[in-house]
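Take a look at the structure below.
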Amino acid sequence: MQRVFSGIQPSGIPTLGNYLGAIRNWVPMLDQYECIYCVVDQHAITVWQDPKELARQTREMAAALIACGVDPDRCVLFVQSHVHAHTRLAWIFNCVARLGWLNRMTQFKDKAGKDRENAGSGLYVYPNLMAADIHAYHATAVPVGEDQKQHLELANDIAEKFNHDYGVDFFPHIDPIIQGVAARVMSLRDGTKKMSKSDPSDQSRINLTDDADAISLKIRRAKTDPEPLPGELAGLDGRPEARNLVGILAAITGVTPADVLKDHAGQGFGTFKGVLADALVAHLGPIQSEMKRLLADPAAVDALLRKGSDRAAAIADPIVTKAEELVGFLPRR
């Protein structure tokens, strides 16, 4: 069975975008692949995090994954910093990756902005850690959105150069698993920007912890345009906010955007937003209840993560130890 690796940062409350764009898509993979899923807390600290908040959010993200259907008995679910093989291999990859490759990474430019000279070096080299996350398990498939495809290409470049430099066929090629229709949920305040945990405005996103009133209020305040909903998809061209809300309802209800428009053609957003809010509340309610149940016993969540970390280390440690031997490091024992 093909092995899949994927990770998610705990730098904030998981959003509807995280759920529809990644987490929900992880669940059916449990039947198709050997799945290794990771809360990537080391990636989170590429920008400063409050230590207490990071610890809380790491546990909260793990609970969210489980509540969304990521069953820790059917996959390996763990916290990145608990498995030291990731950083051991990342240092080797720091030495293999070329500066020119990293200079082409658009996400560093986007996140560092105009003040790139003051960005932490971890933000610059974190694609190497991402490559190590995957290759430490000899994973051969990774679910990715458009914004991560470049990093997956880099991970393959690093593996190819390592294999070439040391005359081995050790790290396998990684294939992307392209996400589904709703892989890109946009901001409720700006339909041209991706919904993000880090957006300064909480009104821009639906958090998985938002209650029914908060969800309804955010959807009611979501940016739209004055035109009614069209009957066909072509009528959404140039209307990013309308397209976003239609796409969210389609994803939540399991139909196509075309079906949504067929049912709501000619409708104003006042009515449509009420339908969308009700659908979100009904869909997210059971997830929120399960998250609350899990987080009421944090020791139990931590125990599940420790068990997952032990299982992850049992896979990664022999692979990374072999990579260290190939580089020429003396054996530890």
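Residue-wise test of (1) closer than 29 Å to M1 by Cα; (2) surrounded by 21 or more Cβ atoms within 10 Å (Cβ to Cβ); (3) at pLDDT 95 or above.
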position: D115; (1), (2), (3): no, no, no
position: G122; (1), (2), (3): no, no, no
position: A131; (1), (2), (3): yes, yes, yes
position: Q179; (1), (2), (3): yes, no, no
Search result, residues across the stretch 182-204 that are touching a residue at least 12 places away in the same chain (Cβ under 8 Å), under 21 Å from V144 (Cβ atoms) and not hydroxyl-bearing (S, T, Y): A182, A183, R184, V185, M186, K194, M195, K197
Residue match in the stretch 143-150 (condition: over 14 Å from the mean Cα position of the chain (by Cα) and surrounded by fewer than 18 Cβ atoms within 10 Å (Cβ to Cβ)): yes
Qualifying residues in the stretch 206-256 (those that are in contact with a strand residue (DSSP E or B) (Cβ under 9 Å, 6 or more places away or on another chain) and of a type in the set (G, A, S)) - the one nearest to S289 (Cα to Cα): A214
Residue within the stretch 71-79 that is over 26 Å from P318 (Cα atoms) and in contact with a strand residue (DSSP E or B) (Cβ under 8 Å, 6 or more places away or on another chain) present: no
Meets criteria (surrounded by 18 or more Cβ atoms within 10 Å (Cβ to Cβ), among the hydroxyl-bearing types (S, T, Y) and either more than 23 Å from V327 (Cβ to Cβ) or within 21 Å of the chain's Cα centre (by Cα) (or both)) for S216: yes
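The values are calculated or read from the model by the stated rules, or taken from the named source; none is laboratory data. A quick note: this is a predicted structure, and the numbers were derived from the prediction, not measured. We place every Cβ from the backbone using ideal geometry, glycine too, and count neighbours over all the protein chains shown.
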